[in-house]
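One structure is given here, and the rest of the page talks about it.
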Amino acid sequence: MSGSWALLSSSGRERVTWHVRAVEGTGADAVLTCDIALSGQFFGESLGSGRPEAPPDFSLEIRGLLLRLSTLQRLYDHLKRWLDLPLAEMRSTRLRLDCDMGGLFDQDVRLLLGERADTLSSGHPVATVKYIVGRMSGELSFVTDPSCLASLCEEVGAALRRESRP
């Protein structure tokens, strides 16, 4: 099994990507083994003027985390319900999500989508990826938008369809 999905920031300068290395089990009980990469570009270029192929200013990869297919299905269902709302209703219905997106022993990655008091977002959802790897912990947060979330939803849906094939 191979496949991946990513959530990008509205600016395109930050991203979190899940790369599937293996799958164990079948159906809703299946477990994906994923490498999760956080990366971003912040320094040296004004917004939008950097070369797309330029290496990121920072990158963190956490390898071999386990993610239940049922959790991925819940993420997809939640995003799809929100994205299917009419635009006016989408603006008044704030996206709120806290989802375990990979773990193994003392390692954990969580995806939170919603508002953050410390982030100017013009009403758009803020994605926060919290990670714990042994004694190291931190978070990456960035403003995202419906088009970025729709892309994530589409890629997650494709991964779910691949796994539901006999």
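So here's what we get for this one:
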{"quantity": "In the stretch 8-29, residue surrounded by the most Cβ atoms within 10 Å (Cβ to Cβ) [restricted to those that are more than 14 Å from residue 152 (Cβ to Cβ) and at pLDDT below 90]", "calculated": "13"}
{"quantity": "Any pair with Cβ under 7 angstrom, 6 or more apart, that starts in the stretch 47-65 at a residue that is modelled with pLDDT of 65 or more and ends at one that is part of a loop (DSSP other than H, G, I, E, B)", "calculated": "54/41; 56/41; 57/41; 57/42; 57/43"}
{"quantity": "Selection from the stretch 1-28 of residues that are in contact with a Phe, Trp or Tyr (Cβ under 6 Å, 6 or more places away or on another chain) and part of a loop (DSSP other than H, G, I, E, B)", "calculated": "9"}
{"quantity": "Options 91, 161: the member that is within 23 Å of residue 67 (Cβ to Cβ) and surrounded by fewer than 16 Cβ atoms within 10 Å (Cβ to Cβ)", "calculated": "161"}
{"quantity": "Scope the stretch 79-93; condition modelled with pLDDT of 90 or more and not charged (D, E, K, R); matching residues", "calculated": "79, 82, 83, 85, 86"}
{"quantity": "Scan of the stretch 118-150 for residues that are closer than 21 Å to residue 90 by Cβ, hydrophobic (A, V, I, L, M, F, W, C) and surrounded by fewer than 16 Cβ atoms within 10 Å (Cβ to Cβ), ordered by number", "calculated": "120, 150"}
{"quantity": "Those residues of the stretch 144-158 which are part of a helix (DSSP H, G or I) and either touching a Ser or Thr at 6+ places or on another chain (Cβ under 8 Å) or basic (Lys, Arg) (or both), in sequence order", "calculated": "148, 155"}
{"quantity": "Looking only at the stretch 94-105, and only at residues there that are of a type outside the set (A, V, I, L, M) and not in a loop (DSSP other than H, G, I, E, B), the one that is surrounded by the most Cβ atoms within 10 Å (Cβ to Cβ)", "calculated": "102"}
{"quantity": "Out of 121, 137, 141, sole residue that is polar (S, T, N, Q) and not in a strand (DSSP E or B)", "calculated": "121"}
{"quantity": "Which numbered condition residue 73 fails, given (1) in contact with a Leu (Cβ under 7 Å, 6 or more places away or on another chain); (2) of a type outside the set (Ser, Thr, Tyr); (3) surrounded by fewer than 16 Cβ atoms within 10 Å (Cβ to Cβ)", "calculated": "(3)"}
{"quantity": "Of the criteria (1) among the aliphatic types (A, V, I, L, M); (2) touching a Cys at 6+ places or on another chain (Cβ under 7 Å); (3) farther than 22 Å from residue 12 by Cα, which one residue 111 fails", "calculated": "(3)"}
{"quantity": "Residues of the stretch 139-166 that turn out to be in contact (Cβ under 8 Å) with a residue 40 or more places away in the chain and either in contact with a strand residue (DSSP E or B) (Cβ under 6 Å, 6 or more places away or on another chain) or under 15 Å from residue 5 (Cβ atoms) (or both), as a count", "calculated": "18"}
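Rundown of residues vs (1) without any contact (Cβ under 8 Å) to a residue 40 or more places away in the chain; (2) out of contact with any strand residue (DSSP E or B) (no Cβ under 8 Å at 6 or more places or on another chain); (3) under 27 Å from residue 27 (Cβ atoms), yes/no style:
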position	(1), (2), (3)
84	yes, yes, yes
91	yes, yes, no
96	yes, no, no
99	yes, no, yes
104	no, no, yes
111	no, no, yes
114	yes, no, no
117	yes, yes, no
126	yes, no, no
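The values are calculated or read from the model by the stated rules, or taken from the named source; none is laboratory data. Keep in mind the model is a prediction, meaning the values are calculated, not measured. Note: ideal-geometry Cβ built from the backbone for every residue, glycine included; neighbour counts use all protein chains shown.
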